[in-house]
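Right, one structure below, let's go through it.
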């Protein structure tokens, strides 16, 4: 018999370790370099990090947020991503329990976190995540929710919806409203969550995008030609839909 809280602590520790790897993905994928080799190094001096300098959160605190060798500051992003990933693991465990769906949805949420961070900084959504995500989502749908039919409909309508919006906007305003990365990302979301939750994701992300754009316009930090990184909105909305989408839809239908 395991002591109370043991499993939750274990899940949290695994999340911290995975978060350390996600930091590598966030840094290297935009550079189109391997996330496996070479081993982690200081981006300032190139010093090879030893294992005790790579302990999630703890190493950052012990080193005072600076490289041991050159004393250059280490971005606060690293412990934040590790902590957020641990929270993602724990939250999914609380909601889904020790089930196969937990493994799928937590991996999906980790991919969303990487896409969120990369799109926020670089305004790109790497194919190295979205395309394998589409394939994996559809393959797993044969064994787990949402099922292959809803998954393939999610892929077709998810990708097709954003593509159609972008094409219409381009023809009407002669402006490229969004990159094709958003199209592939929503197709990935449709593959994993299915048609119904993909639609919810699109609605939630559109609402968030409208609020963010409105605030930016009101504070004069942007104009009508400014592009908002829509992938960040999709990531947050898909995270919410993956955990609470069914409850949100049920609440909405009962309160129509």
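Largest first and in whole Å, what are the equivalent-ellipsoid semi-axes of segment 1-88 based on the Cα gyration tensor, each being the root of 5 times an eigenvalue? It would help to have the intermediate numbers written out before the result.
On the way: eigenvalues 130, 49, 24 Å².
Computed over segment 1-88, the values are 26, 16, 11 Å.
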At what distance in nm do the modelled label points of residue 228 and residue 168 sit from each other, each positioned 7 Å from its Cα along Cα→Cβ?
1.8 nm
P(r) weight above 17 Å for segment 61-176, C-alpha pairs, percent:
70 percent
Additional length obtainable on full extension of the chain from residue 1 to residue 72, 0.36 nm per residue less Cα span
20.9 nm
On a 0 to 90 degree scale, rounded to 10, what angle separates helix 230-254 from the longest Cα axis of the chain?
60 degrees
Once all Cα-Cα distances of the chain are split into 5 Å bins that start at 0, what whole-number percent is in each one?
1, 6, 11, 15, 17, 15, 13, 10, 7, 3, 1, 0, 0
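For a Förster distance of 25 Å, can you work out the FRET efficiency between the beta-carbons of residue 87 and residue 24, rounded to the nearest 0.05? Present the calculation step by step, with values, prior to reporting the outcome.
Working: r = 19 Å, r/R0 = 0.77.
Rounded to the nearest 0.05, the efficiency is 0.85.
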Percent of C-alpha pairs per 5 Å bin, segment 44-84, short to long:
5, 25, 35, 27, 6, 1
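Bear in mind these aren't lab numbers, they're just calculated from the coordinates by the rules spelled out. Keep in mind that this is a model prediction, so the values were computed, not measured. All Cβ positions, even for glycine, are placed from backbone atoms using ideal geometry, and neighbour counts span all protein chains on display.
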